[in-house]
Amino acid sequence: MMTLTEFITIKERDFQNATGNLTALLNDIVLAAKTIHRDVNRAGLMDIIGATGDENIQGEVVQKLDIHADQLLIKYLQNGGQCCGIGSEENDTFIAFDDQHKLDPHYVVLFDPLDGSSNIDVCAPIGTIFSIYKKKSPGKVELSDFLQKGTEIVAAGYVIYGSSTMLVFSTGRGVNGFTLDASIGEFCLSHPDIKTPEMNNTYSINQGGMYKYEQYIHDFVDWCSADDKTSKRPYSLRYIGSMVADFHRNLLKGGIFIYPAMKESPQGKLRILYECIPMAFLQEQAGGIATDGEQRILEKEVTDLHQRTPIIIGSKNWSKN
Ligand code: AHM
Ligand code: MG
């Protein structure tokens, strides 16, 4: 069984020009993920379940575990010395890590520390989503370093805290999945070179929000739920309300996930930098597609740290329907 550390060292060394910096950075994220895994697993026994009473900059209820996971990632990334700054769902602005042991780190990391956090209290799967870019500006890290297009991404991944805890990531050379063996504290390669099926009759959308959506979404849902034996409809609706969980199922089994534009929020709900771009990168690396309906997610201009985008992401033959 190959551990994640062995995998990165053996498979990714040439690609990273053997500096070891990206490997070290990934290890810092992995350390945070193992700690979050531990705490998520016993959340009901610690005083970290429930809401903090605050709202984030996006007006959403903040859960105690959101903040806990955010602080863990910041701590490990700051102490690790390979990251010069982070952008996170839970912080209004980016955080610069100045004077990082004078190592002159040149990576920035964007993350959603605990996605799907409305599921925390009911033991449903939740996840951490992250993406890594190289700092572009010559001096201290600045906002523009975080507002890069998805085509500039160096690596991205997510950790799903589900019935197993898995890390799925890519450095642009395919997608690999690692399952946490908690007894030895290591992520071990369990899903090498993931290729997403070209088609599967599963669609994922919050159908309860139909009144907010445009007519084309109504047409789409009507089409999915119509009876048609030749195309094996009606299709199956699967929607957990935790993007990591819905994405992970569709990545492995095929399907389509949609969070559309809404009449009162034309940019939808999900955030481009730390939710949509990393998932789009993984989906494309696994052979699927990710678009906002008009443009590849990875090619979209980003002008705001918490920018939102509609997203349609999944098996490539869905686009032919
Ligand atoms: P969060 O980052 O605050 O947890 O919100 C993002 C989540 C996604 O995981 C999920 O796909 C979506 O919000 C569900 O939203 P809705 O309840 O509107 O369907
Ligand atoms: Mg989220």
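The values are calculated or read from the model by the stated rules, or taken from the named source; none is laboratory data. Model, not experiment: these values are computed from the prediction. Using ideal geometry, Cβ is built from the backbone for each residue, glycine included, and neighbour counts are taken over all protein chains shown. To get the accessible areas, we keep the full protein, side chains included, count just its heavy atoms, and leave off ligands, DNA and RNA. Shrake-Rupley method; radii C 1.70, N 1.55, O 1.52, S 1.80 Å.
What a 1.4 Å probe finds exposed on segment 202-320 is 48% carbon and sulfur by accessible area, rounded to a whole percent. Straight-line cross-link partners of Lys64 among the lysines, defined as a Cα under 29 Å from its Cα and at least 8 positions apart when in the same chain: Lys34, Lys75, Lys269. DSSP finds beta bridges in segment 4-191, and of those with both partners inside it, around 85 percent are antiparallel. The residues neighbouring Thr196, those whose beta-carbon lies less than 12 Å from its own, together hold a net charge of +1 under the Lys/Arg +1, Asp/Glu -1 convention. Here's the list of lysines a cross-link from Lys229 could span, going by alpha-carbon distance under 23 Å and ignoring same-chain residues fewer than 8 apart: Lys253, Lys316, Lys320.
Counting only protein chain heavy atoms and rolling a 1.4 Å probe, the accessible areas of Glu142, Glu284, Glu301 rank, largest first, as Glu301, Glu142, Glu284. The order of the peptides 77-87, 190-200 by mean Cβ neighbours within 10 Å, most packed first, is 77-87, 190-200. Largest accessible area first, the residues Lys134, Lys263 order themselves as Lys263, Lys134 under a 1.4 Å probe with ligands, DNA and RNA left out.
Could you work out how far apart the two model spin labels at Ile184 and Asp222 are, taking each label as a point 7 Å from the Cα in the direction of the beta carbon, and quote it in nm? It works out to 5.6 nm between the two label points.
Restricting the calculation to Cα atoms, segment 250-321 yields a radius of gyration followed by a Dmax of 11.6, 34 Å. Computed 3J(HN,Hα) for segment 104-118, one whole-Hz value per residue from the Karplus formula 6.51 cos²θ - 1.76 cosθ + 1.60 where θ = phi - 60°, is 6, x, 10, 10, 10, 10, 10, 8, 9, x, 8, 7, x, 5, 5, glycine and proline marked x. For the chain, with every protein chain kept in place, what is the accessible area per residue (1.4 Å probe, Å²)? With all protein chains present, the chain gives 44 Å² per residue.
Once both labels are positioned 7 Å from their Cα atoms along Cα-to-Cβ, the gap between Val122 and Asp98 label points is 4.5 nm. Taking amide H as placed 1.01 Å from N in the peptide plane, Thr165 has its amide H under 5 Å from the amide H of Leu180, each at least 5 places away in sequence or on another chain. A helix-only calculation puts the chain at -7500 deg cm²/dmol for mean residue ellipticity at 222 nm, using -39500 (n - 2.57) for each DSSP H run of at least four residues, averaged over all residues. Converting phi to 3J(HN,Hα) with the Karplus coefficients 6.51, -1.76 and 1.60 and the offset θ = phi - 60°, segment 285-295 yields 4, 8, x, x, 10, 8, 9, 9, x, 10, 9 Hz in sequence order, with x at every glycine or proline. In the chain, a dipole from Cβ-located charges (positive for Lys and Arg, negative for Asp and Glu) runs towards its positive end, and of Gln285, Met166, Gly268 it is Gln285 whose Cα lies farthest in that direction. For segment 1-145, with all protein chains in place and a probe radius of 1.4 Å, 52% of the accessible heavy-atom surface sits on carbon or sulfur. Here the gap between Thr3 and Gln71, fully extended at 0.36 nm per residue and compared with their Cα-Cα distance, gives a gain of 21.9 nm. The slack between Thr52 and Glu198, meaning 0.36 nm per residue of separation minus the straight C-alpha distance, is 48.4 nm.
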